[in-house]
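Okay, so here's the structure we're looking at.
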Amino acid sequence: MRFARSKRALRLKTIDSCFEELKESRLVEETFTVDEVREMLDGLQVVVRGEVEMELINTAHTNVLLLRQLFSQAEKFYLRLQSDISELENRELLEQVAKFEKTDFKTTSQETSKPKLAPLNEGGVSELLNKEIARLQEENDKLKARLRTLESQAMSALDERSRAERALKDLQKVQGEQQLAAQSQEINSLEDTVAALKEDYQRSLSANAASQKDLQENLISAKHELLRVQEQLSLAEKELEKKFQQTAAYRNMKEILTKKNEQIKEIRKRLQRYEPNE
């Protein structure tokens, strides 16, 4: 429990140092934008999450090593140990452990408040603890240096983005003015073109109306001429047919056709008499 408490206190100090580092390195201005505050909180969240996750992982791994030692010792004496996982969430037992920890550390703190001579030779758990503290402190320093580097890079990137946004806005403004002038000029040109087309259309419409009137008059006179010609042709055909019927050739041809018709009727009667079925 002393070992776990020391590890927990060290990790809490590391988390507090993360907040202090943020206050000293970033909170140097009076006002911040929402995006800047969100960025700082996101960075702090990543760091604190990493510290808490590392502490939880180290605690779990330390418990595994402790249980491994106990089970290894029990195997040497042919003992079979069993664990009840449900007891790990027993609130009453957990409160007893917390009470024991507070009582134990009160007495320990009172005893340690008295001046003591430094040991001549540290070994065992204390030496391992000091090594672990030194390693964690070195790792913490590396993380702080890396965090400062990342923060400076982030600030540089933000400045670059701000300058790029201002340049983009200026460029868009210039382009917008140029496009507006070009569009207005194009609109004026289109209006002139539309006016010219309207004028041409009116002229062509007037010319078409006059030509259409002339065409209608020509068509009416052509129809009258056609009717007159058709009537003359009809009279000519009737006159020609009348003259043809009065000729000797027409009368001879008509008599021949009459005789032939009589002969054909006679032949049909004979055929009907001899071959009635056909």
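Among residues that are at pLDDT below 80, more than 30 Å from residue 39 (Cβ to Cβ), charged (D, E, K, R) and open to solvent by 80 Å² or more (accessible area, probe 1.4 Å), residue 273 is included.
State yes or no: is residue 160 over 30 Å from residue 18 (Cα atoms), open to solvent by 80 Å² or more (accessible area, probe 1.4 Å) and not basic (Lys, Arg)? Write out each step before concluding.
Details: over 30 Å from residue 18 (Cα atoms): no; open to solvent by 80 Å² or more (accessible area, probe 1.4 Å): yes; not basic (Lys, Arg): yes.
Criteria not met by residue 160.
May I ask you to list the residues in segment 66-100 that are of a type in the set (D, E, K, R) and outside any helix (DSSP H, G or I)? The answer is 80, 84. Residue 191: modelled with pLDDT of 80 or more and over 23 Å from residue 33 (Cβ atoms), yes or no? So residue 191 fits the description; yes.
Residues checked against (1) touching a residue at least 12 places away in the same chain (Cβ under 8 Å); (2) open to solvent by less than 100 Å² (accessible area, probe 1.4 Å); (3) not aliphatic (A, V, I, L, M):
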{"residue": "177", "(1), (2), (3)": "no, no, yes"}
{"residue": "180", "(1), (2), (3)": "no, no, no"}
{"residue": "185", "(1), (2), (3)": "no, no, yes"}
{"residue": "188", "(1), (2), (3)": "no, yes, yes"}
{"residue": "191", "(1), (2), (3)": "no, no, yes"}
{"residue": "197", "(1), (2), (3)": "no, no, no"}
{"residue": "207", "(1), (2), (3)": "no, yes, no"}
{"residue": "211", "(1), (2), (3)": "no, yes, yes"}
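Listed by first and then second residue, the pairs with beta-carbon distance under 9 Å, at least 6 apart or on different chains, first residue in segment 46-70 and within 18 Å of residue 12 (Cβ to Cβ), second open to solvent by less than 70 Å² (accessible area, probe 1.4 Å) and small (Gly, Ala, Ser), are 59/4; 62/4.
Looking at segment 23-42 only, could you name the residues that are open to solvent by 30 Å² or more (accessible area, probe 1.4 Å) and assigned to a helix (DSSP H, G or I)? Those that are open to solvent by 30 Å² or more (accessible area, probe 1.4 Å) and assigned to a helix (DSSP H, G or I): 23, 24, 25, 34, 35, 36, 37, 38, 39, 41, 42. Look at segment 89-101: where a residue is within 17 Å of residue 6 (Cα to Cα) and in the same structural domain as residue 5 (by the TED database) and a partner is in a helix (DSSP H, G or I) and among the basic types (Lys, Arg), sitting 6+ places away or on another chain with Cβ atoms under 8 Å, you get 101/5.
The values are calculated or read from the model by the stated rules, or taken from the named source; none is laboratory data. These figures come from a predicted structure and were not determined experimentally. For neighbour counting, all protein chains shown are included, and Cβ atoms are generated from backbone atoms with ideal geometry for every residue, glycine included. For the accessible areas, the whole protein counts, side chains as well, though only heavy atoms, and no ligand, DNA or RNA atoms are used. Shrake-Rupley method; radii C 1.70, N 1.55, O 1.52, S 1.80 Å.
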